[in-house]
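Below you'll find the structure, written out as structure tokens, and then a few comments.
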Amino acid sequence: MTTPPGQCPQCWAHGHDPTIHAQLPAHAKVCQACIDCKAAGHPNLIPKK
């Protein structure tokens, strides 16, 4: 999967690949990696063209 311009590669992958969060407990709503990326301001954003 290629991350579209204007998106964060980590957050985009986590939102589109259900296997990434498969290891989380059933009651978990979000993963810590997603929270940390958002808190850091999505440092790896793909620039819009």
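Would you be able to tell me the number of residues in region 7-38 that are of a type outside the set (V, I, T) and open to solvent by 90 Å² or more (accessible area, probe 1.4 Å)?
Here the count works out to 8.
What pairs come out if I take residues in region 21-41 that are touching a residue at least 24 places away in the same chain (Cβ under 8 Å) and pair them with residues that are part of a loop (DSSP other than H, G, I, E, B) and surrounded by 10 or more Cβ atoms within 10 Å (Cβ to Cβ) whose C-beta lies under 9 Å away, six or more apart or interchain?
If the second residue must be part of a loop (DSSP other than H, G, I, E, B) and surrounded by 10 or more Cβ atoms within 10 Å (Cβ to Cβ), the pairs left are C34/H21; C37/C8; C37/N44; K38/C8.
Within region 1-47, count every residue that is outside any loop (DSSP other than H, G, I, E, B) and of a type outside the set (F, W, Y).
So the answer is 15.
The values are calculated or read from the model by the stated rules, or taken from the named source; none is laboratory data. Since we're looking at a predicted model, the values are computed, not measured. Virtual Cβ from ideal backbone geometry, glycine too; neighbours counted across all protein chains shown. Heads up: the accessible areas ignore ligands, DNA and RNA and are worked out on the full protein's heavy atoms, side chains in. Shrake-Rupley method; radii C 1.70, N 1.55, O 1.52, S 1.80 Å.
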